[in-house]
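Chemist: Just passing along the structure, written as structure tokens.
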Ligand SMILES: [Zn+2]
Ligand SMILES: [Zn+2]
């Protein structure tokens with residue numbers, strides 16, 4: 001039988017190993033999420049409309065500068081070295097079990113009681129553990145984002161649902177199946193997304209501008225090769241909304257610029273209901289609103305119009321010219337770039353991509369084979 005001290009040493013070793021493993025997992029997740037988090041939750045270079053989302057100390061000016069900075073340093077909840085700065089999904093019964101192994105500070109005996117939820121906002125809640133001596137322990141399950149009433153977990157879940165492409169409806173399915181309370185309601189969810197939009201927008205712009213610089217560095221000039229493609233919200237040729245993008249060339253293609261094209265505006269459509277009953281308010285709102293309609297014509301022409309628009313603004317936006325275009329098979333895009341050239345001094349050349357080239361090649365060969373067969377008989 002091993003000696004007591006050997007057992008103790010083994011236990012310590014195991015604990016150290018577990019700790020270092022846990023730290024490794026957390027660090028790897030953290031490193032990947034860190035850059036994005038910096039932009040999404042603690043970006044201090046954002047527009048004023050989004051300034052609340054920060055866990056970091058801001059640069060202050062004035063006499064209270066040092067005082068405030070020290071205070072923020074003390075109260076800062078954003079600690080990169082804190083190995084425990086992440087969430088844990090735990091069943092309530094285990095929390096109760098844990099407490100039942102502790103001594104109540106009030107009655108000085110083994111804690112014995114029950115737990116209840118004092119407040120719930122989406123995935124956040126405030127838990128109350130009441131000992132039979134009526135002593136209460138309250139804990140919050142998520143931090144509050146500074147200067148807002150929003151809870152960290154609700155903000156993160158909204159971002160996550162959007163990134164995963166499942167939206168609020170997806171989250172509503174995911175949570176009950178995981179036996180987790182339902183998330184915030186749809187209004188709060190979209191409110192959070194609206195709130196974060198400027199941050200998403202700034203991250204998107206920064207990411208695309210970095211991608212342009214990378215592509216320029218690779219080609220050693222500010223004339224680059226791009227691929228372009230478009231997609232619609234709905235299949236078929238009747239979609240009211242579409243999106244087009246240009247991508248850099250290479251094994252790790254990145255989006256350089258994109259544009260959403262819409263044939264319909266929800267505000268303009270809604271306004272029609274008061275067009276005749278309140279013409280004054282109708283024209284007032286109509287003139288003031290930022291109309292979403294930016295494409296007139298068929299849904300099929302969205303890709304041609306959109307990609308041409310992206311070419312036309314590249315010089316102004318990023319001081320770059322898309323000199324070579326890798327077509328995605330849409331036969332109308334390249335002729336449009338030739339007939340209405342976006343640059344005065346660059347004539348765009350077309351590179352056929354392998355997929356479409358081989359498809360076309362196969363189609364032509366099949367045609368020849370068919371015609372030869374007919375000739376034989
Ligand atoms: Zn007690
Ligand atoms: Zn409109």
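Bear in mind these aren't lab numbers, they're just calculated from the coordinates by the rules spelled out. Predicted model, so just to flag it, every value in this text is computed and none were measured. Virtual Cβ from ideal backbone geometry, glycine too; neighbours counted across all protein chains shown.
Chemist: What does the extension gain come out to for residue 359 and residue 204, with contour length at 0.36 nm per residue minus their alpha carbon separation?
Modeler: Details: separation 155, 0.36 × 155 = 55.80 nm, distance 3.39 nm.
Additional length available on full extension: 52.4 nm.
Chemist: So if we plug the beta-carbon distance of residue 260 and residue 81 into 1/(1 + (r/R0)^6) with R0 = 41 Å, what FRET efficiency do we get, rounded to 0.05? Before the final figure, lay out the partial values.
Modeler: On the way: r = 41 Å, r/R0 = 0.99.
Step by step, r from the Cβ atoms, then E = 0.50.
Chemist: Here is a follow-up. I need the calculated FRET efficiency for the pair residue 105 and residue 13, taking r as the beta carbon distance and R₀ as 25 Å, to the nearest 0.05. Can you show the working numbers first?
Modeler: Values: r = 33 Å, r/R0 = 1.32.
It comes to 0.15.
Chemist: While we're looking at this one, here's another question. With a 10 Å Cβ neighbour count serving as the proxy for reagent exposure, in which order, fewest first, do 364, 295 appear? Intermediate results must be reported in sequence, preceding the final value.
Modeler: Values: 364 10, 295 21.
The order, fewest Cβ neighbours first, is 364, 295.
Chemist: Now for a different question. Under the rule a/c < 1.5 gives rounded, and otherwise a/b versus b/c splits prolate from oblate, where does the range 242-305 land using the Cα gyration tensor? Show your work: numbers first, answer last.
Modeler: Working: a/c = 4.99, a/b = 2.98, b/c = 1.68.
It comes out prolate by the Cα gyration axes.
Chemist: OK, next. Give me the number: length gained by fully extending residue 114 to residue 128, i.e. 0.36 nm times residue separation minus the C-alpha to C-alpha distance, one decimal in nm.
Modeler: Working: separation 14, 0.36 × 14 = 5.04 nm, distance 0.84 nm.
Contour length minus the Cα-Cα distance gives 4.2 nm.
Chemist: Additional query: Which order results if 180, 226 are arranged by neighbouring Cβ count within 10 Å, fewest first?
Modeler: Working: 180 13, 226 27.
Least to most surrounded, the residues fall as 180, 226.
Chemist: Where does each of 337, 127 land when they are ranked from fewest to most other beta-carbon atoms within 10 angstrom? Mind dumping the intermediate values first?
Modeler: Details: 337 24, 127 17.
By the 10 Å Cβ count, ascending, the order reads 127, 337.
Chemist: Work out the FRET efficiency for residue 178 and residue 144 from their Cβ-Cβ distance, taking R0 = 25 Å, and round it to the nearest 0.05. Can you show the working numbers first?
Modeler: Details: r = 24 Å, r/R0 = 0.94.
Rounded to the nearest 0.05, the efficiency is 0.60.
Chemist: Based on the mean of other Cβ atoms within 10 Å per residue, sort peptides 202-210, 151-159 so the most packed one is first.
Modeler: On the way: 202-210: 15.0, 151-159: 21.0.
Packing proxy ranking, top to bottom: 151-159, 202-210.
Chemist: Give me the compactness ratio for the range 90-141, meaning the Cα radius of gyration over 2.2 N^0.38 Å. Working shown, then result.
Modeler: Numbers: Rg = 11.2 Å, N = 52, 2.2 N^0.38 = 9.9 Å.
Normalised Rg, Cα atoms only: 1.14.
Chemist: Hey, rough spin-label estimate for residue 339 and residue 375, points 7 angstrom out along Cα→Cβ, what's it come to in nanometres?
Modeler: Each label point is offset 7 Å from its Cα along the Cβ direction, giving 3.5 nm.
Chemist: Next question, about the same structure. Given contacts defined as C-alpha pairs under 8 Å and at least six residues apart, what's the relative contact order of the range 142-220, whole-number percent?
Modeler: On the way: 34 pairs, mean separation 14.2, N = 79.
Averaging sequence separation for qualifying contacts and normalising by length gives 18 percent for the range 142-220.
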